[in-house]
Amino acid sequence: MHAIILFLISSVVLFGIHFYAGRRLVANSSLSEKWKHFWWRVLMWSPLFLLISNLLRFGFPVPVIGDLFGWIGYILFGYMSVLLALLLLRDAVLGLNRLWRYTRTKIGNSGRQEIYDPRRREFLIRASSLGLVGLATAATGYGIYEARRRAILEKITVPVRDLPKELDGFTIAQFTDLHVGPTIKRRFVQSVVDQVNELRADVIVFTGDLVDGTVGSLRKDVAPLAELSAPQGVFFVTGNHEYYWDTAGWLAEVKRHGLIVLENEHRVIERDGSTLVIAGVPDISLNGSRYPGIGTSDPAKAVAGA
């Protein structure tokens with residue numbers, strides 16, 4: 001029931017975004033009525049790609065169709081998200097400008113009327129609309145490039161007071177949020193695994209949001225995780241997206257690939273006689289959630305007895 005309500009709300013929001021864009025772009029354009037009807041249909045049908053993609057991920061027998069709908073749907077959703085932000089900003093500026101003119105007319109200028117040229121305003125709206133469409137297109141293209149490129153490595157030195165000399169230089173490779181699903185597949189997962197292994201860290205930690213889909217449809221795509229290797233272990237904690245699907249199934253799959261799952265648990269690792277505690281908890285934002293299989297994030301429990 002919770003999933004149905006969430007689906008209905010997201011559907012209303014999606015169609016609302018597209019309707020607003022149509023009102024501000026298509027209705028105010030200089031297009032012929034034929035082209036206006038065409039673009040209205042495009043706008044109001046495009047949310048279906050994303051909605052159908054989400055439905056197809058629940059055990060659809062032909063995953064390639066679901067992936068195709070996913071690619072189209074998520075690109076359109078990203079594009080419309082950028083376009084919506086730009087439209088809201090543009091309309092806010094226009095609204096403030098009208099308020100400023102009204103204030104000057106009624107309060108300032110000793111009653112002198114402002115000269116208002118509707119043709120000039122119409123030209124500005126249409127010109128800015130074209131500019132916003134172009135800017136949203138460029139931003140979406142850059143976003144796709146950033147999402148598909150090799151992951152950016154960030155090196156951070158963590159100072160620890162009274163750290164035993166045996167642990168000085170201990171390295172942890174942390175990565176997160178792969179979101180394997182309709183648009184992120186095995187090839188990308190393999191590239192991340194190879195990049196992490198190249199670091200030759202003492203410990204590897206994967207901090208959740210592995211998937212957006214079922215175990216059956218994505219098992220082959222996450223298989224490269226089995227190649228992760230570190231002398232002191234490879235650890236995993238859940239994000240929120242693991243609970244949107246088959247929580248128990250995904251945790252079993254992660255363990256099958258050799259990752260150590262920490263659910264309010266810890267492990268003590270040793271290096272040259274000195275010890276280090278690694279503890280993990282579920283995503284705290286889901287405390288009290290109705291999603292099945294989720295536990296309460298409890299840091300105290302995670303380190304108890306360490």
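The values are calculated or read from the model by the stated rules, or taken from the named source; none is laboratory data. Note that the coordinates shown come from a computational prediction; the quantities given were computed from them, not determined experimentally. Every residue, glycine among them, receives a Cβ derived from its backbone with ideal geometry; neighbour counts consider all protein chains shown. Remember, those area values only see protein heavy atoms, side chains included, never the ligands or the DNA or RNA. Shrake-Rupley method; radii C 1.70, N 1.55, O 1.52, S 1.80 Å.
Among the hydrophobic types (A, V, I, L, M, F, W, C), within 21 Å of Ser191 (Cα to Cα) and in a strand (DSSP E or B) - does that describe any residue in region 251-259? Step through it out loud before you land on a result.
Going through region 251-259, the residues among the hydrophobic types (A, V, I, L, M, F, W, C) turn out to be 251-252, 254, 259.
Those left that are additionally within 21 Å of Ser191 (Cα to Cα): 254, 259.
Then drop every residue that is not in a strand (DSSP E or B), which leaves none.
Scanning region 251-259 turns up no residue that is among the hydrophobic types (A, V, I, L, M, F, W, C), within 21 Å of Ser191 (Cα to Cα) and in a strand (DSSP E or B).
Is it the case that Ile204 is assigned to a strand (DSSP E or B), among the β-branched types (Val, Ile, Thr) and touching a Gly at 6+ places or on another chain (Cβ under 7 Å)?
Working: assigned to a strand (DSSP E or B): yes; among the β-branched types (Val, Ile, Thr): yes; touching a Gly at 6+ places or on another chain (Cβ under 7 Å): no.
Judged against the criteria, Ile204 is not a match.
Looking at His18 and the list (1) part of a helix (DSSP H, G or I); (2) at pLDDT below 90, which single condition is not satisfied?
Result: His18 fails condition (2) only.
Looking at Ile52, Ile65 in this structure, which one is in a helix (DSSP H, G or I), on the phi < 0 side of the Ramachandran plot, in contact with a helix residue (DSSP H, G or I) (Cβ under 6 Å, 6 or more places away or on another chain) and without any contact (Cβ under 8 Å) to a residue 24 or more places away in the chain?
Details: Ile65 fails: in contact with a helix residue (DSSP H, G or I) (Cβ under 6 Å, 6 or more places away or on another chain).
Within the list Ile52, Ile65, the selection yields Ile52.
With the requirement that a residue be in contact (Cβ under 8 Å) with a residue 40 or more places away in the chain, in a loop (DSSP other than H, G, I, E, B) and within 30 Å of Phe77 (Cα to Cα), what does region 147-177 give you?
Arg150, Ala151, Leu153, Thr176, Asp177
State all residues of region 113-146 that are within 15 Å of Tyr79 (Cβ to Cβ) and of a type in the set (D, E, K, R); if no residue qualifies, say none.
Within region 113-146, just Glu146 meets the criteria.
Which of the residues belonging to region 1-52 are basic (Lys, Arg) and open to solvent by less than 100 Å² (accessible area, probe 1.4 Å)?
Our first condition is that a residue be basic (Lys, Arg); within region 1-52, this holds for 23-24, 34, 36, 41.
Matches in region 1-52: Arg24, Lys36.
Filter region 121-173 down to residues that are of a type in the set (Phe, Trp, Tyr) and under 32 Å from the mean Cα position of the chain (by Cα) and give me whichever is least open to solvent (accessible area, probe 1.4 Å).
We begin by selecting, within region 121-173, every residue of a type in the set (Phe, Trp, Tyr); these are 123, 142, 145, 170.
Add one more test, that the residue is under 32 Å from the mean Cα position of the chain (by Cα), and what stays is 142, 145, 170.
Numbers: Tyr142: 138, Tyr145: 125, Phe170: 41 Å².
Here the residue is Phe170.
Return the only residue of Asp202, Asp298, Asp209, Asp246 being within 21 Å of Ala173 (Cα to Cα) and modelled with pLDDT under 95.
Values: Asp202 fails: modelled with pLDDT under 95; Asp298 fails: within 21 Å of Ala173 (Cα to Cα); Asp246 fails: within 21 Å of Ala173 (Cα to Cα).
Criteria check complete, one pass: Asp209.
I need the full set of residues from region 187-238 which are surrounded by 20 or more Cβ atoms within 10 Å (Cβ to Cβ), over 20 Å from Arg149 (Cα atoms) and either of a type in the set (Phe, Trp, Tyr) or touching an Asp or Glu at 6+ places or on another chain (Cβ under 7 Å) (or both), in order please.
Phe235, Phe236, Thr238
For region 155-186, which residues satisfy the criterion of being of a type outside the set (A, V, I, L, M, F, W, C), out of contact with any Asp or Glu (no Cβ under 8 Å at 6 or more places or on another chain) and within 30 Å of Asp67 (Cβ to Cβ)? Please lay out each step first, then the result.
Initial filter on region 155-186 (of a type outside the set (A, V, I, L, M, F, W, C)): 155, 157, 159, 161-162, 164-166, 168-169, 171, 174, 176-177, 179, 181-183, 185-186.
Retained after the next criterion (residues that are out of contact with any Asp or Glu (no Cβ under 8 Å at 6 or more places or on another chain)): 155, 157, 159, 161-162, 164-165, 168-169, 174.
The one that is of a type outside the set (A, V, I, L, M, F, W, C), out of contact with any Asp or Glu (no Cβ under 8 Å at 6 or more places or on another chain) and within 30 Å of Asp67 (Cβ to Cβ): Gln174.
Would you be able to say whether some residue in region 246-261 is open to solvent by less than 40 Å² (accessible area, probe 1.4 Å) and polar (S, T, N, Q)? Before you say what the answer is, go through the steps one by one.
Narrowing region 246-261 to residues open to solvent by less than 40 Å² (accessible area, probe 1.4 Å): 247, 249-251, 253-254, 257, 259, 261.
After this cut, where a residue has to be polar (S, T, N, Q) as well, the list is 247.
Yes: one or more hits.
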